[in-house]
Number of protein chains: 2
Amino acid sequence: MAALKYSRQRECIKNYLAMTKEHPTADTVYLHVKEDFPNISLGTVYRNLNLLTDLGEAIKIPTPDGGDRFDGNTMPHNHFFCTNCRKVLDLDLDMKKIEQVNKAAAENFDGIIESSTTIFYGKCGDCIQKS
Amino acid sequence: MAALKYSRQRECIKNYLAMTKEHPTADTVYLHVKEDFPNISLGTVYRNLNLLTDLGEAIKIPTPDGGDRFDGNTMPHNHFFCTNCRKVLDLDLDMKKIEQVNKAAAENFDGIIESSTTIFYGKCGDCIQKS
DNA sequence: TTTAGTGCAAACGATTTGCAAAATA
DNA sequence: TATTTTGCAAATCGTTTGCACTAAA
């Protein structure tokens, strides 16, 4: 049910997610979209972010920080979380390896594995240089 | 600093984590430990759960549900999250595969990868039968 | 007797929700 | 006009924290 209706706010959020590479928090999205829609509320941002993830047009990345990050790139790929500066980066990784792991995991399991998320932890290049 | 001192509450939490396989939330731990320590507070449970994870005597598993789960089994292993009943299960998986993926990930990355967590998603055996 | 751990309750940050008004179909 | 989406504010959820008190070393 629930026929989807167009909204400029959602469009703007979608565009922002599509062009940025910084894996923003909901609040960062809010701050950015606010430039075009000064009256937009955080609630609307959350509603649309959730809607987009449900539609498969965005990805929600949980971090050890508590808050989630959002990513407009829905192609299967992996993420790196810098434990020093708390940045989230994309990780270029042969997805064949991931599929192999998924397959291996399915072998001794009586349920159905639909997907898997891997987050890598460590220090990013920037943080290493500064130390 | 901060010399560690014994506490029966912590001991009880530790024992519970050691014997259960259900990957409990902080609240579930609280409810259980309350049977032995009726006056224990949720704050104490959180403090000890965090202490134990810092000491490496427990693992904190973030779920898409928001709340974290805790695991007394600190041996490297993987977890499965049932998107239907929200249960967390252990997954028997050859850790060599995981290490391969970690290694592959490090190759094209200018930072340092210290660890990685993989969570598998799907439907567990119980939920499949019931449908 | 010094230091760490506890219970309690208040505070917190991230996210969700109810509702009347505004936008879309 | 019918239905969805919005803005706002209050509410909720999981977790953390300050403080006076108790237990361990």
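Where a number appears in this text, it was derived from the coordinates with a stated rule and is not lab data. Remember, it's a predicted structure, so these values are computed and weren't measured experimentally. Glycine gets a Cβ as well: all are built from the backbone with ideal geometry, and neighbour counts include every protein chain shown.
Observations on the model:
- Here residue A:46 fulfils each of the conditions (1) buried (at least 19 other Cβ atoms within 10 Å of the Cβ); (2) within 16 Å of DNA strand D (Cβ to nearest atom); (3) within 14 Å of chain B (Cβ to nearest Cβ); (4) aromatic (Phe, Trp, Tyr) apart from (1).
- Strands (runs of 3 or more DSSP E) wholly inside segment B:61-131 containing at least 3 residues that are among the charged types (D, E, K, R): B:68-71
- Segment B:59-79, residues that are in contact (Cβ under 8 Å) with a residue 24 or more places away in the chain and in contact with a helix residue (DSSP H, G or I) (Cβ under 8 Å, 6 or more places away or on another chain): B:67, B:68, B:70, B:71, B:72, B:78
- Note on segment B:61-80: among residues that are within 16 Å of DNA strand C (Cβ to nearest atom) and not β-branched (Val, Ile, Thr), the one that is surrounded by the most Cβ atoms within 10 Å (Cβ to Cβ) is B:70.
- Within segment B:96-115, residues that are within 7 Å of another protein chain (Cβ to nearest Cβ) reach partners that are small (Gly, Ala, Ser) and assigned to a helix (DSSP H, G or I) with beta carbons closer than 7 Å, at six or more positions or on different chains, in the pairs B:97/A:104; B:110/A:125; B:111/A:125; B:113/B:105; B:113/B:106.
- Selection count where residues are touching an Asp or Glu at 6+ places or on another chain (Cβ under 8 Å) and part of a loop (DSSP other than H, G, I, E, B), scope segment A:1-33: 2
- Among (1) under 27 Å from residue B:79 (Cβ atoms); (2) part of a loop (DSSP other than H, G, I, E, B) - the single one residue A:36 does not satisfy: (1)
- Annotation note: Cβ proximity below 8 Å between a residue of segment A:37-49 that is under 13 Å from residue A:11 (Cβ atoms) and a residue that is part of a loop (DSSP other than H, G, I, E, B) and not hydrophobic (A, V, I, L, M, F, W, C) (sequence gap 6+ or interchain) occurs for A:40/A:34; A:48/A:7.
- Of all residues in segment A:49-60, exactly one satisfies the criterion of being within 11 Å of DNA strand D (Cβ to nearest atom) and part of a loop (DSSP other than H, G, I, E, B), namely A:55.
- Number of the condition not met by residue A:69 [criteria: (1) more than 10 Å from chain B (Cβ to nearest Cβ); (2) over 17 Å from residue A:26 (Cα atoms); (3) within 16 Å of the chain's Cα centre (by Cα)]: (2)
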